[in-house]
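**Q** Once you've had a glance at the structure underneath, I'll fire off some questions.
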Amino acid sequence: MSELNWGETLWDQWDRVQEHTEHGLEFTKKCQEFVRDRIKVEIDYAKSLRGLKKRYKLKNAEDDAGNFSTIKAYNVFLGQLDLIARDHEIVAEGLQEKVAERLKSVQKETTNNRKNLCNTANQLQHEYKEWQVVLERNQQKYEKAAKEADAAGQAFGRVNDDMNATKAQVEKSRSQMSYRQDLMEKSKGDYIIAVETTNNNQHEYYHQRWPGLINQMQRCEENRIEELKSILIEHCNIQSSILPHITTCIETMTESCEKISPAEDSELLMEERSNQPYPGDHMFMEWNSKAPPSAFGSHNNSTRKTKRDRKKTKIFGRNVGGSSESVNKEGLENLPPEKRKKAFKEKIKEIEGKINIQLKARGALEEILELYSQKPELGSVEAMEDSRSQMDDITQTLERLQEELYKYQCYLAALMDKTAPDKPHIGSHLQADAVSITSSVSHISHVSASHSGDAELPPPDQMSPNEFDPVSPTTNEFNSDTYYEVPDNNVPPPSAPVTGLSANNQCSVLYDYVAQHDDELDIWAGEALSIVEDNGTGWVKAKRNDNEIGLVPGNYIEYVELYS
């Protein structure tokens, strides 16, 4: 409490004291409303950040485009936004528990104390008025008794001086005078006592009770101000305690931006260039009017007949829009050993990048948990449990990524004829998959060698069913949108709408091409084909009139638009 007392200087300004304390309560209520809206802003901002991340998250984060440095930096940005959103939720929780609840308690306590003091003040003022009434009543009673006694004395003097008055009249008048004088003396005594009592009470009222009451009101108001000061400082501490972590998130964003390299992105793009040969020179073909259109140019009839007699034609899509597992198995099986080796290295690099991102996220959560342990008042039990749950999710993700990394390391080791690396200590289930992984790698090398003309490797002793098997695809390994089966009853395959193409699109074959795989089509220069799908990968899905469907090189054909 300050050295200056309200009771000594404001003893006669009770109305001003009441008005001042009332304004203090209104200000506290205003602070409550501010903190309530402040919490809402933090929660809405965190929700908006999470919505922003979800709305602009890349749909195909696992495809080849995720290897570009710009995409990696962008994904780090989105990941850090989630951590920043969590920071703002922590601020909202701290403001609710450490600020809003305390403001509510201070407001309630100050209101009750002020109400009690105002009631006490009203009671004191009522007692003071009663003292004044008693004093005034005794004064009036004394004045009346004195007037009556004076009148009785004058009446006795007149009777006593009257020669005609009887003795009885004189005695009666004397008796009346004595009675009035006695009443006057009694009233006088009561009036003197009332004056002394009122003076004593008034002295106590103005020097002790009333100043003490105003001083209590002063202590109540100063306690409210002191609590408000502490609460506002706590508000600032909650905000500042989370800033270092937000700064760390921003630094992580900056580091990811600094790793953006146009040269590396260009090199990565050139590694994915098409391996199709350039088209050969055009040869002059003598026109023979008696020959059928399909005979214009040389072709292999036996190959065509073999393709027509197959029970089923299976088309494997070459776009990268499917799942990552489908692309890894289906897309890598047809690559030569060097290309496959490079693809495995890129996949390992991509997984290592994801592991680094998860490690940074785990480090950020560890900082939050350490902050909670050092300052328990900043977090709740629910917040700590949520952080631990996120830590468990990140640990599971790291285990999955490490297992996947080990799998591709085994692929690369088998392809390079090297010893497989040591298994990471992430669980016994990885050891159970070692045989399947080694068998799959051996099968990849065998298929690639047969396609590239290399010596065939002996088949693995054990091979997982459907593992990299191009003739036995499953629903989980291939995208249903890019796999069709055409039976012998000449029923065309299900057609999906292709952007930029119409049912009238046809093409003319420029060069002969002998199919290298089951999903390809033998073509001969000069024949006409119908276009089924062109997804821009360099391979076009085409169909003959006999409904034989397969993939043909895009640079071996020329489009012919038919107008209806």
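**Q** I'd like the GluC sites (Glu not before Pro) in segment 191-229 restricted to DSSP loop residues with at most 12 other Cβ atoms within 10 Å, sorted by number.
**A** none
**Q** Counting only residues 5 or more places away or on other chains, whose amide H sits under 5 Å from the amide H of V532 once H atoms are built in the peptide plane?
**A** K541, A542, K543
**Q** Still on this structure: Ordering H23, H245 by how much accessible area each has at a 1.4 Å probe, largest first, what is the list?
**A** H23, H245
**Q** Additional query: Return the sequence-ordered ³J(HN,Hα) values of segment 43-55 in whole Hz as given by the Karplus equation 6.51 cos²θ - 1.76 cosθ + 1.60 applied to θ = phi - 60°, using x for Gly and Pro.
**A** Working through the residues one at a time gives 5, 5, 5, 4, 5, 5, 5, 5, x, 5, 5, 5, 6 Hz.
**Q** Say the cut-off is 28 Å between C-alpha atoms; which of K108/K129; K147/K167; K354/K541 go over it?
**A** K108/K129; K354/K541
**Q** Sort I355, I193 by accessible area with a 1.4 Å probe, largest first.
**A** Output order, biggest surface exposure first: I193, I355.
**Q** Taking amide H positions as placed in the peptide plane 1.01 Å from N, state which residues far from S261 in sequence (5 or more) or on other chains have amide H under 5 Å from it.
**A** The list, which skips near neighbours in sequence, is S69, T70.
**Q** With every protein chain in place, what's the accessible area of V381 (1.4 Å probe, Å², nearest 10)?
**A** The accessible area comes out at roughly 100 Å².
**Q** Now a separate question. Could you state the accessible area per residue of segment 1-149 in Å², with a 1.4 Å probe and every protein chain left in place? Present the calculation step by step, with values, prior to reporting the outcome.
**A** Numbers: 9350 Å² over 149 residues.
About 63 Å² of surface per residue is accessible.
**Q** How large is ³J(HN,Hα), in whole Hz, for each residue of segment 356-371 in order, when computed from phi with the Karplus curve 6.51 cos²θ - 1.76 cosθ + 1.60 and θ = phi - 60°, using x for Gly and Pro?
**A** 4, 4, 5, 5, 5, 5, 5, x, 5, 5, 4, 5, 5, 5, 5, 5
**Q** Given 0.36 nm per residue, what is the gain on full extension from K59 to V41 after removing their alpha carbon distance, in nm?
**A** Answer, rounded to one decimal: 3.5 nm.
**Q** List every residue whose amide H lies under 5 Å from the amide H of A515, counting only residues 5 or more places away in sequence or on a different chain, with H placed 1.01 Å from N in the peptide plane.
**A** D522, I523
**Q** Just read off the accessible area of C249 with the full protein assembly in place, 1.4 Å probe, to the nearest 10 Å².
**A** Approximately 0 Å² for this residue.
The values are calculated or read from the model by the stated rules, or taken from the named source; none is laboratory data. All values reported here derive from a predicted model rather than from experimental measurement. Every residue, glycine as well, gets a Cβ built from its backbone with ideal geometry; the counts of neighbours run over all protein chains shown. To get the accessible areas, we keep the full protein, side chains included, count just its heavy atoms, and leave off ligands, DNA and RNA. Shrake-Rupley method; radii C 1.70, N 1.55, O 1.52, S 1.80 Å.
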